[in-house]
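Input: a single structure, listed below in structure tokens.
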Amino acid sequence: MKKLLLTLGLVLSSSLIFGQTAILGDPMKPVPEKVTGVVDGNPPSDAIVLFDGTNMDAWEHVRTGEASQWHIEDGIVTVNNGTGTLVSKQSFSDIQMHIEWRPNGEILGQGQSRGNSGIFMQSLFEIQMLDSWENPTYVNGQAGSVYHQYPPLVNASNPPGEWQTYDIIFKAPNYDRDGNLESPAYITLLHNGVLVLNHVEVIGSTFPRVPEYKATCEPYELRETMDCTGKLPLLLQDHGQVVSFRNIWLRQL
């Protein structure tokens with residue numbers, strides 16, 4: 001008996017040492033679902049494609065619900081300044097997201113007026129997009145930041161006019177039945193393949209200026225109060241600068 005317990009202890013210890021968890025049930029179940037990964041730039045087989053280069057049918061104007069008026073040409077969609085921010089028609093919770101974006105190759109303006117846009121997780125938490133190539137600004141407002149909260153670990157920006165890639169892992173906040181926050185949101189971000197946000201705890205919604213979590217809230221630019229405890233749409237910002245996008249997809253986690 002002592003020998004058996006010792007052997008079991010050694011097995012469990014070895015599992016912990018090598019970063020594994022001992023399997024206490026059937027080691028053959030459950031079998032992970034087969035998913036085709038990213039091949040030649042094509043999304044995984046279980047991805048939800050939000051822009052494939054042909055149309056913006058997955059998006060609508062944030063307040064009016066009208067169709068997008070952004071320009072589409074050669075598989076690329078570009079902000080049509082002044083036509084408004086877009087919101088996804090579908091709502092999401094935890095996701096893995098891929099989006100490619102490109103600030104204008106012609107340098108116009110400086111600081112926050114240079115290639116500015118953003119992708120808002122659940123229309124609440126902004127991951128900043130900005131031409132941050134030799135463009136000083138406040139650090140938690142540069143590309144790769146959780147806007148007004150966390151600067152990126154490094155500046156991984158490409159020169160203006162070149163494509164940038166964001167790969168995002170987003171963990172949505174959880175609320176109990178009474179609307180009390182149980183766990184906050186978390187964001188991990190790879191910018192051009194470089195880890196710039198490492199599972200950072202989001203302090204709260206980006207706007208108002210003081211971050212906060214509220215069960216009933218008013219997401220950015222929606223201008224209406226709604227239940228913010230469940231799935232919510234993404235938001236793609238029209239900030240008045242020329243920014244282009246392609247290859248937008250996500251996986252629900």
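Numbers for the structure displayed
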item: Some residue of the range 175-191 being touching a strand residue (DSSP E or B) at 6+ places or on another chain (Cβ under 6 Å), more than 28 Å from V242 (Cβ to Cβ), outside any loop (DSSP other than H, G, I, E, B) and of a type in the set (D, E); result: yes
item: Test: A143 is surrounded by 21 or more Cβ atoms within 10 Å (Cβ to Cβ), touching a Lys or Arg at 6+ places or on another chain (Cβ under 7 Å) and at pLDDT 95 or above; result: no
item: Which listed residue is closer than 21 Å to E221 by Cβ, among the small types (G, A, S) and within 18 Å of the chain's Cα centre (by Cα), from A185, A156; result: A185
item: Residues (surrounded by fewer than 18 Cβ atoms within 10 Å (Cβ to Cβ), charged (D, E, K, R) and farther than 17 Å from W101 by Cβ) located in the range 157-191; result: D176, R177, D178, E182
item: Any pair with Cβ under 8 angstrom, 6 or more apart, that starts in the range 196-210 at a residue that is on the phi > 0 side of the Ramachandran plot and ends at one that is outside any strand (DSSP E or B); result: G204/P184; G204/V210; G204/P211; G204/E212; G204/Y213
item: Residue match in the range 179-186 (condition: over 17 Å from D94 (Cβ atoms) and without any contact (Cβ under 8 Å) to a residue 12 or more places away in the chain); result: no
item: Output for the range 58-83, where each listed residue is assigned to a loop (DSSP other than H, G, I, E, B), out of contact with any Ser or Thr (no Cβ under 8 Å at 6 or more places or on another chain) and closer than 18 Å to E100 by Cα; result: D74, N80
item: Number of the exception - I248 against (1) buried (at least 18 other Cβ atoms within 10 Å of the Cβ); (2) β-branched (V, I, T); (3) part of a loop (DSSP other than H, G, I, E, B); result: (3)
item: Failed item, numbered, when V154 is tested on (1) surrounded by 21 or more Cβ atoms within 10 Å (Cβ to Cβ); (2) of a type outside the set (S, T, Y); (3) in a loop (DSSP other than H, G, I, E, B); result: (1)
item: Options I95, I107, I76; residue that is more than 22 Å from the chain's Cα centre (by Cα), surrounded by 14 or more Cβ atoms within 10 Å (Cβ to Cβ) and of a type in the set (V, I, T); result: I107
item: Selected residue [surrounded by fewer than 19 Cβ atoms within 10 Å (Cβ to Cβ) and assigned to a loop (DSSP other than H, G, I, E, B)] from L195, L222; result: L222
item: Residue match in the range 112-133 (condition: hydroxyl-bearing (S, T, Y), surrounded by fewer than 17 Cβ atoms within 10 Å (Cβ to Cβ) and either farther than 30 Å from S45 by Cα or modelled with pLDDT of 95 or more (or both)); result: yes
item: Filter pass, W70 being hydrophobic (A, V, I, L, M, F, W, C) and either touching a Lys or Arg at 6+ places or on another chain (Cβ under 9 Å) or without any contact (Cβ under 8 Å) to a residue 12 or more places away in the chain (or both); result: no
item: Residue count for the range 20-44, restricted to those that are more than 24 Å from W101 (Cβ to Cβ) and either touching a helix residue (DSSP H, G or I) at 6+ places or on another chain (Cβ under 6 Å) or surrounded by 11 or more Cβ atoms within 10 Å (Cβ to Cβ) (or both); result: 2
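The values are calculated or read from the model by the stated rules, or taken from the named source; none is laboratory data. Since we're looking at a predicted model, the values are computed, not measured. All Cβ positions, glycine included, derive from the backbone under ideal geometry; neighbour counts span all protein chains shown.
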